[in-house]
1. What does DSSP give for the chain in terms of the percent of beta bridges that are antiparallel, rounded to the nearest 5?
2. Loop sites only, by DSSP: take the trypsin sites (Lys or Arg not before Pro) in the chain that have at most 13 other C-beta atoms within 10 Å and name the longest stretch containing none of them.
3. Roughly speaking, what % of Cα-Cα pairs in the chain are separated by over 29 Å, rounded to a whole number?
4. To make sure I understand the rule: partners must be lysines, Cα under 24 Å from the Cα of residue 120, and not fewer than 8 residues away in the same chain. Which ones qualify?
5. What spacing in nm lies between the two simple spin-label points modelled at residue 93 and residue 109, each 7 Å away from Cα in the Cβ direction?
6. At q = 0.15, 0.22 Å⁻¹, what log₁₀ I(q)/I(0) does region 91-150 have when each alpha carbon counts as one equal point scatterer in the Debye sum?
7. Multiplying the sequence separation of residue 128 and residue 40 by 0.36 nm and subtracting their Cα-Cα distance, what value in nm do you get?
8. Using each residue's phi in region 39-56, evaluate 6.51 cos²θ - 1.76 cosθ + 1.60 at θ = phi - 60° and report the 3J(HN,Hα) Karplus result to the nearest Hz, with x for Gly and Pro.
Amino acid sequence: MKKTTLCYIEKDGKYLMLHRVKKHEDVNAGKWIGIGGKIEDGETPEECLLREVKEETSLILTSYRFCGEIYFLNDVYPDELMYLYHADGFEGTVSECDEGELCWVDKNKVDSLPMWEGDKVFFDLMRRSKGPFELTLNYSGERLISYNVKPMNN
């Protein structure tokens, strides 16, 4: 199972979003997502989070929290386990990203962006949840069939 991280970076009532418009053969083409990527061999989710944010944005995170584990099960694309984070502190200035266009989006407008259906589910959970959660998203291609959420055991 592929393992990845994803982070929503927040500042002044906005989230830093990545509009995936630059990569060829991109499963996320045209969609808006948070910042993240694939966990490399020997790397922890936290190490991946920090590396991916720096690579994609040039920012160095100084304050972040783990929000949950998201399991993507799909009949077309490979299954994936994603570690979700929220960050509200960083140093540096946002730079250009080779995977798409970075843009600060008002928190209340994120839901209206073209996103995976399941992203809207975990984005809402991230904002409302009191603690880490486990979410399983069942897809058929790009269509969300069902999902199940439960609190994580600490």
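1. Numbers: 35 of 50 bridges.
Of all bridge pairs located within the chain, approximately 70 percent are antiparallel.
2. Values: sites that count: 23, 130.
Formally, the longest exposed-site-free interval is 24-129.
3. Working: 1124 of 11781 pairs.
The share of Cα pairs beyond 29 Å in the chain comes to 10 percent.
4. 2, 3, 11, 14, 22, 23, 31, 38, 107, 109, 130, 150
5. Simple spin-label model gives 2.3 nm for this pair.
6. Per q value, in the given order, log10 I(q)/I(0) is -0.64, -1.03.
7. On the way: separation 88, 0.36 × 88 = 31.68 nm, distance 3.01 nm.
Residue separation times 0.36 nm, minus the Cα-Cα distance, leaves 28.7 nm.
8. Each residue of region 39-56 in turn: 6, 7, 3, x, 9, 7, x, 5, 4, 4, 3, 5, 5, 5, 4, 5, 5, 8 Hz.
Each reported figure results from applying straightforward, stated rules to the coordinates on display, with no laboratory input. Fair warning: this is a prediction, and the values are worked out from it, not measured in the lab. Neighbour counts are summed over all protein chains in view; Cβ atoms, including those assigned to glycine, are modelled from backbone coordinates with ideal geometry.
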